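For reference, the structure discussed in these notes is given below.
The values are calculated or read from the model by the stated rules, or taken from the named source; none is laboratory data. Remember, it's a predicted structure, so these values are computed and weren't measured experimentally. Note: ideal-geometry Cβ built from the backbone for every residue, glycine included; neighbour counts use all protein chains shown. Just so you know, the surface numbers come from the protein's heavy atoms only, side chains and all, with ligands and any DNA or RNA stripped out. Shrake-Rupley method; radii C 1.70, N 1.55, O 1.52, S 1.80 Å.
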Amino acid sequence: MNQKIDWDKMADWAESDAPFAGAPSGQTLSGEAAREAGRRILEQYGSGRPSLGHEHAQGKGSSPRRQVRLPQEVNDELDAYAAEHGQTASQVMRDALKEFFERRAA
């Protein structure tokens, strides 16, 4: 496997409601066909996104996953900001929370 994987892009897709369009037929899979396609993807790309570790995706430490529901207008602003700054929505939220807690501690 010599492909460079964009883990942030994959994580953003996984956290979205977008369907997986990787089926050879271009149709959404379900049931055993979906399980088998998932197994093939995991075999091809490994066991998943590496842990964020301390500061970067180092594959060390833990990086718990959180989910949050946003009002549509906030979600739209987040997507626009992330696109404008060349970041993922996940990275923008991580940075915003880090800054929030740093300011709060000061």
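Here are some notes:
- In terms of accessible area, using a 1.4 Å probe and ignoring ligands and nucleic acids, W7, W13 rank largest first as W13, W7.
- In this view, the solvent-accessible surface of E77, computed with a 1.4 Å probe and all protein chains in place, comes to about 130 Å².
- Neighbourhood charge, 11 Å Cβ-Cβ cut-off, centred on R66 and excluding it, Lys, Arg +1 and Asp, Glu -1: +1
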